Amino acid sequence: MSAIDSDALRAQSAVDAVRDMPTLYQALLLGVGALCRSDTHLVGIATGGAWLAERLQSDLKLSGEPGVLSSAMHRDDFAQRGLAAREPTRLDFDVNGAHIIVIDDVLYTGRTIRAVINELYDFGRPASVALAVLVDRNGRELPIQADVAAVRIELPVSKSVALRQDVAGELSVVIKDRR
Amino acid sequence: MLYRRNPQLNKNGELVHLLSIEGLPASILRQVLDTAENFVSVNDREVKKVPLLRGRSVFNLFFENSTRTRTTFEIAAKRLSADVINLDIARSSASKGESLLDTIANLSAMAADIFVVRHSESGAPYLIAKHVAPHVHVINAGDGRHSHPTQGLLDMFTIRHYKKDFSNLTVAIVGDVLHSRVARSDIHGLTTLGAAEVRVVGPKTLVPADLAQMGVRVCHNLEEGIRDCDVVIALRLQNERMSGALLPSAQEYFTSYGLTRERLQWAKPDAIVMHPGPINRGVEIDSDVVDGAQSVILPQVTFGIAVRMAVMSLVAGNDASE
């Protein structure tokens, strides 16, 4: 089988694996629920992780709002890409001594997680930080892994995967060609 | 047709220098304001530092005296983890006869990344911007009577913070508009962002009729000028810029144009009062108003740091050669 054929096959099986959003979300919910203690704080990475964290906070019947983490201030590609400021970090609890589960939509190179942990440390010293993601794809560039992943997929470098929210608030996972 | 690109933008339309608000599209102004939003929260953290400009050098070149503006730029740069060098130009090479461009060339040889420049000559920052290397950025901290873009931007940020939407706002700028680079920057900012009405208010000697060309309504009567407005920006009466008898006295000015609590009632009940500082209590504005509930003068200072952090981090992330 040629390299192009096997890439296409991998891409197709990835598309199949992420098609069923309700099933993916259920798997994430179960995984995060199993990790939660009574004093756990959920924090979603802006913006995809934050969408998921809101739903998880509600479905796990946790009080208050989930935190939001922005990677903007600690990204390692500032010199190349400049500053893309979106939703700022918002944490309404004391990070010192907190047990935190960070939620993100896609785990890819691991650089966003590294930036977000640095951001967290600007607020204090957490007792523990765990990572839960909807989609774990191949391509790690740092030694970072998820504690919970709803699905693991393989994609060629030419493809990107992202979480989308439509106007009605419905989430879906989209795989497309990288620009 | 010869098209001259705005020297502040690179080929991709990204901000690489901040020289004046005039000529910048609304999208760039909004980008600065949105970015500044993020930095406001940095200033509330315990660790008030982010690493965006780590290893970069910001040189404060103040050819004109200013402790306040220079200090806020220094704080902003340090919160971005940049190294800050303050050049006391008056006591240095310029007084020994060195030309402006030679000064810049020498400093560039020391690997400066950002120059923050305040100069008494309008246009000085433009001259510098034309002569620096592509990776070096120039921020105008006030040039002559021309422009003070970071003050204009922080004023826009303040207005947006309290009033949200520019399109139904009436803003009155009261005072020595003729000599005020802040007023010019505010006017450009407000008209670009779509303010419903901008009025300039003051005596004819300080608020000339030809200001109407900038798209503002000229008023020489304070009541007419601030009636039903949403924002009052009071400007300092600048003694050092006035040459010739443009006013009989500061007291005379206060009698006709001083912003008092009674006069503020001509404006809308929820109108905000702004002032770029430093304030002359009892000249352009009464203590009652400065310390009153409608004053947002101190928040302006806080927002000024966030806005300057936004400007520095935006220009530093954009390459002039693109």
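Derivation of every value follows stated rules applied to the coordinates shown; laboratory data play no part. Computed from a predicted structure; not experimentally measured. Cβ sites come from the backbone with ideal geometry, for glycine too, and all protein chains shown count toward neighbours.
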Item to check | 20 Å binning of all Cα-Cα separations within chain B, expressed as whole percents from 0 upward | outcome: 33, 57, 10
Next on the checklist: Using a 7 Å offset from the Cα along the Cα-to-Cβ direction at both B:VAL301 and B:HIS131, what is the distance between the two label points in nm, to one decimal?
Outcome noted: 3.6
Next on the checklist: Report the Cα centroid-to-centroid distance between the range B:144-183 and the range A:112-127 in angstrom, as an integer.
Outcome noted: 37
Checklist entry - Across peptide A:77-83, what mean number of C-beta atoms from other chains lies inside 10 Å of a residue's C-beta? => result 6
Checklist entry - Taking a quarter of the surface of the Cα convex hull of the protein assembly as shown, what do you get in nm²? => result 29.4
Checklist entry - Using the Cβ atoms and a cut-off under 13 Å, what net charge is assigned to the surroundings of A:THR40, where Lys and Arg are +1 and Asp and Glu are -1? => result 0
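Rounded to the nearest 500, what is the 222 nm mean residue ellipticity of chain A from helices alone, with -39500 (n - 2.57) per DSSP H run of 4+ residues and division by all residues?
Rounded to the nearest 500, the figure is -10000 deg cm²/dmol.
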Checklist entry - Considering every residue in B:30-40, what mean count of other chain Cβ atoms within 10 Å of its Cβ is obtained? => result 3
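Kindly put B:SER256, A:SER70, B:SER321 in sequence by how many other C-beta atoms sit within 10 Å of each C-beta, fewest to most.
Values: B:SER256 12, A:SER70 23, B:SER321 9.
Least crowded to most crowded, the residues run B:SER321, B:SER256, A:SER70.
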Checklist entry - Rounded to the nearest 0.05, what FRET efficiency do B:SER122 and A:ARG140 have when you use their Cβ-Cβ distance and R0 = 51 Å? => result 0.40
Checklist entry - How high is the relative contact order of the range A:1-137, in percent, with contacts defined as C-alpha pairs under 8 Å that are six or more residues apart? => result 26
Checklist outcome for this item: Between the residues B:VAL47, B:VAL58, B:HIS148, the Cα farthest towards the positive end of the dipole of the range B:29-160, that dipole coming from +1 and -1 charges on the beta-carbon of Lys, Arg, Asp and Glu, is from B:VAL47
Checklist outcome for this item: Scalar couplings 3J(HN,Hα) for the range B:53-61 by Karplus 6.51 cos²θ - 1.76 cosθ + 1.60 (θ = phi - 60°), nearest whole Hz, x for Gly and Pro, are 10, 4, x, 8, 10, 10, 9, 8, 10
Checklist entry - Rg to Rh for the range A:123-179: what is it, with Cα atoms only and Rh by Kirkwood? => result 1.05
Next on the checklist: For chain B, set up a GNM with springs between Cα atoms under 10 Å and report which of B:ASP44, B:ASP286, B:ASP270 has the largest fluctuation.
Outcome noted: B:ASP44
Checklist outcome for this item: FRET efficiency for A:ASP177 and A:ASN96 from the Cβ-Cβ distance with R0 = 51 Å, rounded to 0.05, comes out at 0.70
Checklist outcome for this item: Summing +1 per Lys or Arg and -1 per Asp or Glu among the other residues with Cβ less than 13 Å from B:GLU197's Cβ gives +1
Next on the checklist: Let me make sure I get this right: for the range B:119-208, a, b and c are the square roots of the gyration tensor eigenvalues over alpha carbons, sorted descending. Under 1.5 in a/c it's rounded, otherwise prolate if a/b > b/c, else oblate. Which is it?
Outcome noted: oblate
Next on the checklist: Classify the range A:1-84 from the C-alpha gyration tensor, please: rounded if a/c falls under 1.5, else prolate or oblate depending on whether a/b exceeds b/c.
Outcome noted: oblate
Checklist outcome for this item: Checking rank on B:161-171, B:112-122, with mean other Cβ inside 10 Å and highest first, the result is B:112-122, B:161-171
Item to check | Cα gyration tensor shape of the range B:249-322, rounded if a/c is under 1.5, else prolate or oblate by comparing a/b with b/c | outcome: prolate
Next on the checklist: List the pairs from B:LYS78/B:LYS130; B:LYS11/B:LYS130; B:LYS48/B:LYS164 whose alpha-carbon separation is above 23 Å, in the order I gave them.
Outcome noted: B:LYS78/B:LYS130; B:LYS48/B:LYS164
Item to check | Environment charge at A:LEU62 (Cβ cut-off 15 Å; Lys +1, Arg +1, Asp -1, Glu -1) | outcome: -2
Checklist outcome for this item: Rounded to whole Å, √(5λ) for the Cα gyration tensor eigenvalues of chain A, largest first, gives 27, 20, 15
Checklist entry - Based solely on its DSSP helices, what 222 nm [θ] is calculated for chain B when runs of n ≥ 4 H residues each add -39,500 (n - 2.57) and the sum is averaged over all residues, nearest 500 deg cm²/dmol? => result -10500 deg cm²/dmol
